[in-house]
Every structure is written in C-alpha cells, then in structure tokens.
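Have a look at the structure below before the remarks.
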Amino acid sequence: MTEQKKTISVNGRTYKWPQCPVVAVCVDGSQPEYIEEAIKAGVMPWTAKVVAEQGSDLRADCVVPSFTNPNNISIVTGVPPRVHGICGNFYYDRENDKEVMMNEPSLLRTDTIFKAFQDAGAKIAIVTAKDKLRRLLGNGLTYGKEGAICFSSEKADQVTYEEHGIEGVLDMVGMEVPSVYSGELSEFIFAAGVKLMERERPDIMYLSTTDYIQHKFAPGSEGANKFYAMMDKYWAQLDALGAIVALTADHGMNAKHHNDGTPDVIFLQSLLDEKFGAGNTRVILPITDPYVVHHGALGSFATIYLDEAMKGPVLDYLTTVPGLEEVLTNAQACDKFGLAPDRTGDIIVVSDQQKVLGTTEERHDLSGLEVPLRSHGGITEQCVPLIVSQPVGGVDPARRLRNFDIYDIALNHTAA
C-alpha cells in the first residue's frame, strides 16, 4: 500500500484505507425494533450473535426529514444536507417556479466517499433498489470493465459496462427482475452483493434497500420477521467472505392511522387556503417520489413557501394546529436539522408520531394503500440502528452518532 492510500479525505472527514472489504447496508425504513423483535423471534441468528458477542450494537440518528434521498446521500457523503444539498426526495425550485424531483446528480454539491476512494484506486460496488437513487449514489464514478459497479435491482436487466460497470446481472444473481413493490426487490440487492463479493471483492460496497415491507408490516409481525430473516442470511454470507458488515437505516417507520385504519392526515394546504385564501401559500411534501403506492405521498415533514408578509401570521396560526410537533422558520429548521436554506421552504412543519401531512385531500390518491398507513419523515422516525460485525472502539461515549457516520465507524473504529 502506498503512503497516500493510508487515509482518504473527503468533505472534511478522513477515512482509513480498508484492510478488508467494508459493506455498508442501509435498510430502508428500519427502526431498531424491527431487528430486536426478529432476534427475539429467533429468525436472525447471525445478527443475534453480532449484537451479543461478535460485534457492536449502537444507535444513531438519521437526518430529518427522515426520507430516503437526504439520508442515503448523507450516508454516502458522510455529511448532512446543508453540505451535500439533497434536502428531500422533492423540492420547490423557487427561482424557476418548478417542483423538482431530487434525483439528478447535478443537484449534488459534494463528492461521495465512493468517488474519493475510487480516485485513490479502490474498487467500488453499489447496489440499490430503485433506479431513482442509483445515479445520485454513483455520481462521479468511472465505469467500464475495470471501473466501479453501480446498478439498481429495479433495472438490473438493463445494465451495461459503460453506464453501470457490469453486464449479465440476472445470470450472475440467478433471479428475474422483481416487482418494484415487493420484498424481493431488496432480496435481489443482497443476492447480488454476495455474488459481487465472491467474484469482484470490492474494497467498498454499499447496499441500499426499499422500505416496501416496513410500510406494510410492523416490527415483530410475520411479514417483517420473514423479511429480516432473509437479510440475516445474506449478511452472514458477506461476513463469512471476510467483509466488515455495517448496518444502519435511512429512517424509521410508524403507524399513522386512526383506529378504523384510515390515515391520520393533516391537510395543510386546505387549512391554509381556508384561513388565508387560496394562492397565498404553497405546501411542498418532500416525501413525494415516483413510488407512492405504499404511502400516498403522505409523510410527517412538509415545507411551506409564502411571501415574507405572510410568515408571521402563518407561523402563529400553525402553532395552534393540534398534531404538529414542530413549526419552524427556514433559519430555525436549517440550524436544527442541518438543511440547506435555499432547498428548504420558508416554514417547516413536522407532525407528531401518529400523524402525516398532506396538501389537499383530492391531491392524494390513497387507493393503492393495501393496509393501514405506516410512514415517516419526522423526528419520531429518527432513531435507527448502527450495527457493526466487529467490535467498535475509540468512539467518545458522549458523541451523537448519525447514520452518516457509518463509514467512519466501520473504517476508523474497527480493528480490521
């Protein structure tokens, strides 16, 4: 190993060069209770051994808004949204008067950990569930037969060396392309990860799932336990292949419905239109993405755009609305949650654990909800696991761990 490869610096953080492959796993929508309940049920023997004897069982806080894009990008850059710029799945571009999906790599304001390591000669492999995230995760990487590997299970049948660094994924994995609304979409990721570890032995690997199961099943339920048992089997294989396996989540998940099973929604745009008149405020829901069947674009975090003269009256009014945990100005929210001011609304609203936020009732198609709503986005979905397959040392007990510390913990605070 050359001297310059002993450490890599990116985004103000320094990482040791891996002595063995390091696999970071982001289990979408997984608060610690999912793993705890599955261990109690006896269906995660490898994880049970890791948390009891072999490794380390920690807790961390995710980024708020507790949504997929801002947290995955925080994990792979090692910094919060105020630095990398991805503050939601969706935002309002005020300058161009457009509502924009935050899927485009051009929206990123920093390099990823992956790019920094690849530039120094490391072999990189990334497998994610949905293609919407793939281009962000792989931004700046070099592909081709000797380059990085980065693809989604959603479009695993469309991979090329030029764009993804690999071909023949379906034959390699031995599975067909799963439905985007299935647990198999995530299983494909882990099956591919094991094959890639056997065949390519990357230095740095990232595996990121979908939260379809967590939206449907509560911790300890049969559906959840079956899904976690599946993941445990693949994690054990990665461990046996000599990798450090580090597990976290992009956010947790909570029930957000009434006793009769109907969603417990505060329709913010309707409330504001009634109080202040239509057209005077604009509510944006950063949970919005192309895959809304399992949550109906209902989450616990919303942003509001309005003229400066409206700010005081709207703030005063929203503080009287039951079910809102936080009503903050742009400056307050960006300071509290580490967000980028220009990608965040004038007012930020976070609902409590049971409630979700919508715009107007007619704008949300809830016909696809097969079970009572479970969703995320707020502070009550912020606690996530941080489990490492080896002992962790040298971490200040007073340090507030974040999910985006996962590569720091796996590379800088394990012995291997």
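Name the pairs whose Cβ atoms lie under 9 Å apart, with the first residue in the stretch 388-416 and under 17 Å from ASP57 (Cβ atoms), the second open to solvent by less than 30 Å² (accessible area, probe 1.4 Å) and of a type in the set (Lys, Arg), and 6 or more positions between them or separate chains?
Short answer, once both residue conditions are applied: none.
Could you tell me which residue of the stretch 193-219 is nearest to GLY138 (Cα to Cα), considering only residues that are open to solvent by 10 Å² or more (accessible area, probe 1.4 Å) and of a type in the set (A, V, I, L, M)?
For the stretch 193-219, the residue satisfying everything is ILE213.
Does any residue of the stretch 113-122 turn out to be out of contact with any helix residue (DSSP H, G or I) (no Cβ under 7 Å at 6 or more places or on another chain), basic (Lys, Arg), touching a residue at least 60 places away in the same chain (Cβ under 8 Å) and crowded, with 20+ Cβ neighbours inside 10 Å?
Scanning the stretch 113-122, I find at least one residue that is out of contact with any helix residue (DSSP H, G or I) (no Cβ under 7 Å at 6 or more places or on another chain), basic (Lys, Arg), touching a residue at least 60 places away in the same chain (Cβ under 8 Å) and crowded, with 20+ Cβ neighbours inside 10 Å, so the answer is yes.
Hey, can you tell me all the residues within the stretch 33-49 that are touching a residue at least 24 places away in the same chain (Cβ under 8 Å), in a loop (DSSP other than H, G, I, E, B) and out of contact with any Lys or Arg (no Cβ under 8 Å at 6 or more places or on another chain)?
ALA41, MET44
Being of a type outside the set (Val, Ile, Thr) and touching a residue at least 40 places away in the same chain (Cβ under 8 Å) is the filter here; which residues of the stretch 256-272 pass it?
LYS256, HIS257, GLY261, PRO263, ASP264, PHE267, LEU268, GLN269, SER270, LEU271, LEU272 - these are the residues of the stretch 256-272 that are of a type outside the set (Val, Ile, Thr) and touching a residue at least 40 places away in the same chain (Cβ under 8 Å).
Residues VAL349, VAL388: which one is in contact with a strand residue (DSSP E or B) (Cβ under 6 Å, 6 or more places away or on another chain), under 15 Å from THR303 (Cα atoms) and not charged (D, E, K, R)?
Going through VAL349, VAL388 in turn, just one is in contact with a strand residue (DSSP E or B) (Cβ under 6 Å, 6 or more places away or on another chain), under 15 Å from THR303 (Cα atoms) and not charged (D, E, K, R): VAL349.
Can you tell me which residue within the stretch 151-183, out of those that are in a helix (DSSP H, G or I) and touching a Leu at 6+ places or on another chain (Cβ under 9 Å), is most open to solvent (accessible area, probe 1.4 Å)?
ASP157
Residue check: is THR380 at pLDDT 95 or above and outside any strand (DSSP E or B)?
When the stated conditions are applied, THR380 passes them.
Does the stretch 246-266 include one or more residues that are of a type outside the set (Phe, Trp, Tyr), over 16 Å from GLY378 (Cβ atoms), open to solvent by 40 Å² or more (accessible area, probe 1.4 Å) and not in a loop (DSSP other than H, G, I, E, B)?
No, the stretch 246-266 contains no residue that is of a type outside the set (Phe, Trp, Tyr), over 16 Å from GLY378 (Cβ atoms), open to solvent by 40 Å² or more (accessible area, probe 1.4 Å) and not in a loop (DSSP other than H, G, I, E, B).
Take the stretch 50-69 and flag every residue that is assigned to a strand (DSSP E or B) and open to solvent by 10 Å² or more (accessible area, probe 1.4 Å).
Within the stretch 50-69, SER56, ASP57, LEU58, ARG59, ASP61 meet the criteria.
One residue is enough: does the stretch 224-234 have a residue meeting the conditions surrounded by 15 or more Cβ atoms within 10 Å (Cβ to Cβ), touching a strand residue (DSSP E or B) at 6+ places or on another chain (Cβ under 7 Å) and farther than 17 Å from PRO65 by Cβ?
no
Suppose we filter the stretch 70-102 for residues that are part of a loop (DSSP other than H, G, I, E, B) and open to solvent by less than 20 Å² (accessible area, probe 1.4 Å); how many remain?
Of the residues in the stretch 70-102, 8 are part of a loop (DSSP other than H, G, I, E, B) and open to solvent by less than 20 Å² (accessible area, probe 1.4 Å).
How do the pairs read when you match residues in the stretch 216-230 that are at positive phi with residues anywhere that are surrounded by fewer than 20 Cβ atoms within 10 Å (Cβ to Cβ) and not hydroxyl-bearing (Ser, Thr, Tyr), using Cβ under 8 Å and keeping only pairs 6 or more apart or on different chains?
As it stands, the answer is GLY220/GLU33; GLY220/GLU37; GLY220/LYS40; GLY220/ALA41, since those pairs meet every condition given.
Between a first residue in the stretch 344-364 that is under 9 Å from GLY378 (Cα atoms) and assigned to a loop (DSSP other than H, G, I, E, B) and a second residue that is open to solvent by less than 10 Å² (accessible area, probe 1.4 Å) and polar (S, T, N, Q), which pairs have beta carbons less than 9 Å apart while being 6 or more apart in sequence or on different chains?
ASP352/SER300; GLN353/SER300
Please count how many residues of the stretch 144-156 are over 24 Å from the mean Cα position of the chain (by Cα) and at pLDDT 95 or above.
1
Quick check, is ALA278 touching a residue at least 12 places away in the same chain (Cβ under 8 Å), over 24 Å from GLN354 (Cα atoms) and open to solvent by 10 Å² or more (accessible area, probe 1.4 Å)?
no
Given the criterion open to solvent by 20 Å² or more (accessible area, probe 1.4 Å) and not in a loop (DSSP other than H, G, I, E, B), identify the matching residue among ALA398, ALA410, ALA309, ALA333.
Being open to solvent by 20 Å² or more (accessible area, probe 1.4 Å) and not in a loop (DSSP other than H, G, I, E, B) holds for just one of ALA398, ALA410, ALA309, ALA333, which is ALA309.
Quickly run through the stretch 199-220 and pick out the residues that are within 15 Å of ILE166 (Cα to Cα), not in a loop (DSSP other than H, G, I, E, B) and not hydrophobic (A, V, I, L, M, F, W, C).
ARG199
Residue-wise test of (1) open to solvent by less than 50 Å² (accessible area, probe 1.4 Å); (2) under 21 Å from SER74 (Cβ atoms).
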| residue | (1), (2) |
| --- | --- |
| LEU315 | yes, no |
| LEU324 | yes, no |
| THR329 | yes, no |
| GLY338 | yes, yes |
| ARG343 | yes, yes |
| ILE347 | yes, no |
| GLN354 | no, no |
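If I ask for residues that are small (Gly, Ala, Ser) and assigned to a strand (DSSP E or B), which ones from the stretch 9-32 would you list?
SER9, ALA24, listed by residue number.
The values are calculated or read from the model by the stated rules, or taken from the named source; none is laboratory data. Small disclaimer: the values here were computed from a predicted structure and weren't measured. FYI the Cβ positions are ideal-geometry reconstructions off the backbone, even for glycines, and counts take in every protein chain you see. Just the protein is used for accessible areas: all its heavy atoms, side chains included, with ligands, DNA and RNA removed. Shrake-Rupley method; radii C 1.70, N 1.55, O 1.52, S 1.80 Å.
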